[in-house]
Amino acid sequence: MTTYRVCCFLRRFRAASNEPSEELGDVFQAYADGGGGVMGEEALRRFLREVQGEAAGGGDDELEATAREVMAFAAEQRLLRKGGAAAAGGGLTVEGFHRWLCSDANAALDPQKRVYQDMGLPLSHYFIYTGHNSYLTGNQLSSGCSEVPIVKALHDGVRVIELDLWPNAAKDAVEVLHGRTLTSPVGLMKCLEAIREYAFVASPYPVILTLEDHLTPDLQSKVAKMIKETFGDMLYVSETENMAEFPSPDELKGKIIVSTKPPKEYLQTKNDADADEAGVWGEEITDDKVAATAMTTEEKCAAAEEAVAAAAVDEEMQEAETDKKTQHGVDNEYRRLIAIPLTRRKHDMDQDLKVDPDMVTRLSLGEKAYEKAIVTHGAHIIRFTQRNLLRIFPRSTRITSSNYNPLMGWRYGVQMVAANMQGHGRKLWLTQGMFRANGGCGYVKKPDILMNNDPDKLFDPTSKLPVKTRLKVTVYMGDGWRFDFRKTHFDKCSPPDFYARVGIAGVEADTRMEQTKVKMDTWIPAWDHEFEFPLSVPELALLRVEVHESDNHQKDDFGGQTCLPVWELRRGIRSVRLCDHRGEPLRSVKLLMRFDFT
């Protein structure tokens, strides 16, 4: 019994039991040998083939290997009936079966974390794990700057690190900070050394270093020397000033690539600050339709004019309210280090998104300008990103380091959807979920639908699309909170009242969220709830899973979350580890879920 004290009274509840849920028990019995309460090797292979789909891709050899691993796991846990599967009464017990289902070896994504996609295509063919203001420890207005968040991001597999470079007060050295704010600076050398040390601990694929440069030519010269001396042979230097096509991630393994605007002007700007978003886990994800999707022609023209005006707040281009000072004697060594040049915007979307057949480049757009551009120039963005890189970044008014829905970028082929990694919330969870794909290497190949340049077959993420497949998701049960949280963390008077939320984030037609019933007063909720999600673009769909504790009097408590790429889900009954609100895996909390595609 579990006891909770309420004033002078004691409330007693049945002790937590990790027995399988009713439906899981039925699955085991369906494959158990002759009602003997054990599952022999032949029955296990049948379960692996019919439910888990293990033989679908790897054949009988892989099926046999998996069956042996399961039996070895059960034997190690002493959950295998003595005598072995071949002897009378021998085999896998229901406890052993359940324990293996909950193990990391049976995870929803490949536990081997293998890079399986073709990594020999140009960089423009991949979504790239991109950070924004990578040096900030907290909010955009007053937090400290440090190399520590850079190290954390690289450990997590982030492949694009952004540094804002500013002169120090004496104008004789370079500092990294969020300009025109109260953020305290960190030395550039500390950041560069951290990148050199940790760039490839999580992934061998290239790290792109984007520099927001506010430096004079003499300081640019110092930066060039620091970069070359720090990175040495790790630094990628292009053989030509203008590349006709980007190299591939395979060609750039172990390389650090500098991307910034070619040195021409020294810019000084103002920054706006306005609070945005709140809550422990952030706003709910919607399909993020832009209000102007049903515009008349006249309204579209007005929107295009507004887009030009909105471009004035593009943080990286820094051409709003600017006091420009033309430079003389631009440092050529600094220029030669820029392998991926940032195109200077002309503030005419037709020109900005024009594809040059002889040269590739990178363009950067602020969140607001991009939202307007997808209304008036959605097809242009898809064509542009088939050859060139596009980076979109959160508007500067997000002083809390919150983020925007990254699917707004991915739907149109945007490779570098920059996220504040020091923030948290549902929108960052989507980014973390996307880059769990392809072995967590930080590069995810864009689906073929985004690379088709046939004018008659160009992808339109806003159109009504036919359903390609249906994903059935069953949430059986969850466990682990009793080990990771205090007894009174969720409720001081009783065990928690958990419910699960399951849904899809993807193109507008696929975006949806559903919820189980609340299971009252239990640390091990058994929901046995099935959902079905029709998917028109499964290649861009992310499965969202959240658990909350129901509270009738206050805001529901957060109990864990995860986000998984649908196209990599392993069929069958799988273990799903949940993470905290920052995306860090919880030590013990897992769900048992089943995934089937029909």
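The values are calculated or read from the model by the stated rules, or taken from the named source; none is laboratory data. Not measured: the values here are computed from a predicted model. A quick note on method: Cβ atoms are made from the backbone with ideal geometry, for glycine too, and the neighbour counts reach across all protein chains shown. Please note that ligands, DNA and RNA were not included when accessible areas were found on the heavy atoms of the full protein model with its side chains. Shrake-Rupley method; radii C 1.70, N 1.55, O 1.52, S 1.80 Å.
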Notebook entry, point to check: Do the conditions hold for Asp556, that is, is it in contact (Cβ under 8 Å) with a residue 24 or more places away in the chain and over 22 Å from the mean Cα position of the chain (by Cα)?
Noted result: no
Next item on the list: Go through Ala526, Ala505 for me and flag whichever is under 18 Å from Arg574 (Cβ atoms), touching a strand residue (DSSP E or B) at 6+ places or on another chain (Cβ under 7 Å) and hydrophobic (A, V, I, L, M, F, W, C).
Entry: Ala526
Margin query: For region 440-464, which positions are closer than 26 Å to Val158 by Cβ and crowded, with 20+ Cβ neighbours inside 10 Å?
Written below: Cys441, Gly442, Tyr443, Val444, Lys446, Leu450, Pro461
Notebook entry, point to check: What are the residues in region 147-166 that are open to solvent by 20 Å² or more (accessible area, probe 1.4 Å) and either part of a helix (DSSP H, G or I) or not aromatic (Phe, Trp, Tyr) (or both), if any?
Noted result: Glu147, Val148, Pro149, Val151, Lys152, His155, Asp156
Note to self: If I ask for residues that are modelled with pLDDT under 95 and within 24 Å of the chain's Cα centre (by Cα), which ones from region 462-493 would you list?
What the structure shows: Thr462
Next item on the list: May I ask you to list pairs of residues, at least six apart or on different chains, whose Cβ atoms are under 8 Å apart, with the first in region 111-122 being farther than 7 Å from Asn438 by Cα and the second being among the aliphatic types (A, V, I, L, M) and not in a loop (DSSP other than H, G, I, E, B)?
Entry: Pro111/Ala105
Next item on the list: Evaluate region 116-134: report whether one residue or more is open to solvent by 20 Å² or more (accessible area, probe 1.4 Å), acidic (Asp, Glu) and over 26 Å from Leu542 (Cα atoms).
Entry: no
Notebook entry, point to check: Any idea which of Val223, Val186 is among the β-branched types (Val, Ile, Thr) and either under 16 Å from Ser146 (Cβ atoms) or open to solvent by 70 Å² or more (accessible area, probe 1.4 Å) (or both)?
Noted result: Val186
Check: Does His553 meet the test of being under 26 Å from Leu10 (Cβ atoms) and not acidic (Asp, Glu)?
Finding: yes
Next item on the list: Using the structure shown, decide if Val589 is modelled with pLDDT of 95 or more, part of a strand (DSSP E or B), more than 19 Å from Lys487 (Cα to Cα) and β-branched (Val, Ile, Thr).
Entry: no
